[in-house]
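The values are calculated or read from the model by the stated rules, or taken from the named source; none is laboratory data. As the structure is a prediction and not an experimental result, all values here were calculated from the model. All Cβ positions, glycine included, derive from the backbone under ideal geometry; neighbour counts span all protein chains shown.
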């Protein structure tokens, strides 16, 4: 088993797959394209890009969270002709009652009405406002819409999302409501899908998502993150891979390409939700890893391409990223959309 060759470099927590070491991972080849089931796509509209100006709200001056990056992402994609206006789909404002599929009624009611305590707000990094509630409603709606569009068309990308630190009864780490968990559970409960895999490659473990689905056999969580980074009390995903500091592109991709094919073959999901956080980047101020722009592109392309080759719908969110240079950060967040666009247009094939 190739993944076990990295045991001296990463910490791997196995929970539901104790027998993984007995299996052999088969790499996808270019010939697989001829044999995979094709997911229905509406070519006339192009790759669906989910965006809403409501992803942004006002924050205090010098707030560390780069709220304006969401506008910057769509601006870069348009300027560089990666997307056209006909590809952009706007979500409707989501009813907060939908949040309660994974969050406690008490927490959501207090959050929506502005009754969370000062201590709770400090833990999230955001002071309560009507604007922040509206933003959460739009962003979660965007992730849910991207997932629905992916089920229809094969691939869809939001320009926001990835709030994976939110727990059932509290927020944490700039995450107030867990959009990935709300989306996965909503689609399972409505019967739209039976199995979902959350592929979380943000540099921080998706602890809220892991906790929410710890006893849910329909929703499978995979987190590959820096072991020495926030959150310092980790939860148990179905698969956790804790990476050492300063890991570079080649080593990172070796681990990812060892494990992802097995997950997709083993779980056989109806949908993949992909958190493409850019905080593993070498210039990220909170990341501790050393991936380059090309490394992030290779990562994103590989994940989306692996799903696409097997006929598995995949919806992407942008996840975390932290750098004072807002233009560089927003450009970096567009890498996942550029990779998805290449796959949609059939202009590239992943080569290991």
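Among the residues of the stretch 55-83, which ones are over 19 Å from the mean Cα position of the chain (by Cα) and either modelled with pLDDT of 95 or more or outside any loop (DSSP other than H, G, I, E, B) (or both)? Hits for the stretch 55-83 are 75, 76, 78, 79, 80, 81, 82, 83.
Considered as a group, the residues in the stretch 224-233 that are without any contact (Cβ under 8 Å) to a residue 40 or more places away in the chain and touching a helix residue (DSSP H, G or I) at 6+ places or on another chain (Cβ under 8 Å) include one that is surrounded by the fewest Cβ atoms within 10 Å (Cβ to Cβ), and that residue is 233. Taking each residue of the stretch 158-183 that is within 16 Å of residue 98 (Cβ to Cβ) and looking for partners that are at pLDDT below 95 and assigned to a loop (DSSP other than H, G, I, E, B) with beta-carbon atoms closer than 9 Å, six or more apart or interchain, yields 163/173; 163/174; 166/173; 176/126. The number of residues in the stretch 167-184 being within 19 Å of residue 220 (Cβ to Cβ) and within 15 Å of the chain's Cα centre (by Cα) comes to 7.
One residue stands out in the stretch 185-222 among those that are part of a helix (DSSP H, G or I) and touching a helix residue (DSSP H, G or I) at 6+ places or on another chain (Cβ under 8 Å): the one that is surrounded by the most Cβ atoms within 10 Å (Cβ to Cβ), namely 209.
Residues considered: 299, 332. Of these, the only one that is in a helix (DSSP H, G or I), touching a residue at least 40 places away in the same chain (Cβ under 8 Å), within 17 Å of the chain's Cα centre (by Cα) and farther than 29 Å from residue 218 by Cα is 332.
The set of residues in the stretch 122-131 that are surrounded by fewer than 18 Cβ atoms within 10 Å (Cβ to Cβ) and over 14 Å from residue 169 (Cβ atoms) comprises 122, 125, 127, 129, 130, 131. Within the stretch 236-286, the residues that satisfy the criterion of being assigned to a loop (DSSP other than H, G, I, E, B), out of contact with any strand residue (DSSP E or B) (no Cβ under 6 Å at 6 or more places or on another chain) and crowded, with 21+ Cβ neighbours inside 10 Å are 277, 278, 279, 284. Residues in the stretch 206-216 that are more than 21 Å from residue 304 (Cβ to Cβ) and in contact (Cβ under 8 Å) with a residue 40 or more places away in the chain: 207, 208, 211, 212. For beta carbons closer than 8 Å, sequence separation of 6+ or different chains, a first residue in the stretch 95-106 that is touching a residue at least 12 places away in the same chain (Cβ under 8 Å) and a second that is surrounded by 18 or more Cβ atoms within 10 Å (Cβ to Cβ) and in a loop (DSSP other than H, G, I, E, B), the qualifying pairs are 99/177; 102/178; 103/166; 103/177; 103/178. Of the helices (runs of 4 or more DSSP H) lying entirely inside the stretch 86-171, those containing at least 3 residues that are closer than 30 Å to residue 302 by Cβ span 130-153.
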